[in-house]
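Participant: Got a structure for you, written out below as structure tokens; questions coming shortly.
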Amino acid sequence: MKKILLTGSEGQLGQSIIKINSLNPEYTIVPTDLRELDITQAKEVHRFLQSEPFDLVINAAAYTQVDGAETDYETALRVNGTAPGILAAACRETDTGLIHISTDYVFDGNLDRDYQEADAANPINAYGRSKLAGEQAIARAGAKALIIRTSWLFSETGKNFVKTMLALAQEGKPLRIINDQYGSPTYAGHLAEALLFLAGKRFHPGISLFHITNKGFTTWYHLAMKVFTTAGIRAAVTPVPSTGFKTAAARPARSVLSNQRLETVTGYVMPAWETGVETCLREIERLNSIH
Ligand SMILES: NC(=O)c1ccc[n+]([C@@H]2O[C@H](COP(=O)([O-])OP(=O)(O)OC[C@H]3O[C@@H](n4cnc5c(N)ncnc54)[C@H](OP(=O)(O)O)[C@@H]3O)[C@@H](O)[C@H]2O)c1
């Protein structure tokens, strides 16, 4: 059984990877988060990878506060920009494969079609710049790596748009939600399934880049409406333009990623984003009925 070192194991994606693997254990996963392995600490990372043989590292650790990165760019860059290079160097030394997660926010959002892997990155906020720096650091380190860009991640765990919408609607307050930013909401459970599928493949020297999101695209407003209709919640929601909504970080207007390369090269097809929302809400309901 392949052995995977998972970083950021307490985040939404980390938790989803552990859960999906536990349903049908195909891998031995060694979960680590900040307490067990701080990926910014080069010595610790090298020691960890040399202490026992791993087939693969999945880096689900990141600094994910998009607005926070504007004022704390130093931390964002250390975790998202420098640490992936540290991981990649340790992977190269120990002949370990690496799957690293990046973001649609490396793009400026000005393209009038879905972004393909070969399109030029041009981040418009600090978080996107820090994540692009991470991709470049991995390329410089020269490991055998897959860099996966995903977008608008949500799950039953952690803090995300879907859970925030449910909480706000339950408070009964009227909501104003942006209706002019387009992206592909992605259920972390579906991304985890795709990553574990790729983890079973042979890794070759060099970097392969793949976009993986749930299929289709929408706006934040329509995503919220899908959450409310699926959950059977009546909410007073007004669609608003992003100009009426001040945030520290600018967001791309249209950062839809094309899964075409994933489908052509591997045959893997992601479920629709609506299915992602429905699956996530069922999981939230299941967890609520247990607690
Ligand atoms: N969330 C999105 O909408 C989105 C969209 C596109 C791409 N992505 C990418 O997808 C990946 C997974 O995102 P996610 O939403 O699952 O993130 P998340 O829930 O914020 O989880 C990230 C985890 O990494 C941990 N971490 C932070 N700094 C670390 C360090 N130095 N060493 C080890 N662990 C550290 C965090 O701990 P603390 O919580 O204690 O900081 C957290 O447990 C990331 O690469 C992210 O950039 C996310």
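Where a number appears in this text, it was derived from the coordinates with a stated rule and is not lab data. Predicted, not measured: the structure shown is a model, and the values here were computed from it. Because the Cβ atoms are built from the backbone with ideal geometry, glycine has one as well, and the counts that use them run over all protein chains shown.
Participant: If you count, for each residue, the other Cβ atoms within 10 Å and average over each peptide, how do 35-44, 122-131 line up from highest to lowest? Present the calculation step by step, with values, prior to reporting the outcome.
Facilitator: Details: 35-44: 15.1, 122-131: 23.1.
With the highest mean Cβ count within 10 Å placed first, the list reads 122-131, 35-44.
Participant: Under 10 Å from the Cβ of S242, count the other residues' Cβ atoms, weight Lys and Arg +1, Asp and Glu -1, and hand me the total.
Facilitator: Details: positive: K246, R251; negative: D180.
Here the count lands on +1.
Participant: Using Cα pairs under 8 angstrom and six or more residues apart, how large is the relative contact order of the chain, in percent? Walk me through the numbers on the way to the answer.
Facilitator: Details: 585 pairs, mean separation 59.5, N = 291.
Once normalised by length, the contact order is 20 percent.
Participant: Let me know the charge dipole size of the chain about its Cα centre in debye, to the nearest 20, where only the beta-carbon of Lys, Arg (+1) and Asp, Glu (-1) is charged. Please list the in-between numbers first.
Facilitator: Details: 29 positive and 30 negative charges, 32 e Å.
Computed about the Cα centre, the dipole is about 160 debye.
Participant: For the pair T229/H204, report the inter-label distance in nm, with labels modelled 7 Å from Cα in the Cβ direction.
Facilitator: Calculated label separation equals 4.4 nm.
Participant: Can you give the extra length, in nm with one decimal, that the chain gains between A272 and D67 once fully stretched, where that is 0.36 nm per residue apart less the Cα-Cα distance? The partial results should precede the final answer.
Facilitator: Values: separation 205, 0.36 × 205 = 73.80 nm, distance 2.78 nm.
The A272-D67 span can extend by a further 71.0 nm.
Participant: For the residue pair H46 and D180, what label-to-label distance in nm results when each label sits 7 Å from Cα along the Cα-to-beta-carbon direction?
Facilitator: Computed distance between label sites H46 and D180 equals 5.1 nm.
Participant: Residue by residue, what Karplus-based ³J(HN,Hα) values in Hz, rounded to whole numbers, does region 207-223 have, using 6.51, -1.76 and 1.60 with θ = phi - 60° and x for Gly and Pro?
Facilitator: 9, 10, 10, 9, 8, 9, 9, 4, 6, x, 8, 7, 10, 4, 4, 5, 5
Participant: List, in the order given, every pair from K2/K201; K3/K144; K19/K163; K163/K226; K3/K159 whose Cα-Cα distance in the structure shown is over 21 Å. Can you show the working numbers first?
Facilitator: Working: K2/K201 11 Å; K3/K144 16 Å; K19/K163 19 Å; K163/K226 13 Å; K3/K159 29 Å.
The answer is K3/K159.
Participant: Rank by packing, highest mean first: peptides 169-176, 93-100, with packing defined as the count of other Cβ atoms within 10 Å averaged across residues.
Facilitator: Numbers: 169-176: 12.0, 93-100: 20.2.
Ranked by mean Cβ neighbours within 10 Å, highest first: 93-100, 169-176.
Participant: Which order, highest average first, do 59-69, 240-250 follow once you tally other Cβ atoms within 10 Å for each residue and take the mean per peptide?
Facilitator: On the way: 59-69: 21.8, 240-250: 12.6.
Ranked by mean Cβ neighbours within 10 Å, highest first: 59-69, 240-250.
Participant: Follow-up. Quick one: of the DSSP bridges fully inside the chain, what percent are antiparallel, nearest 5?
Facilitator: Details: 2 of 36 bridges.
So the antiparallel bridges amount to about 5 percent of the total.
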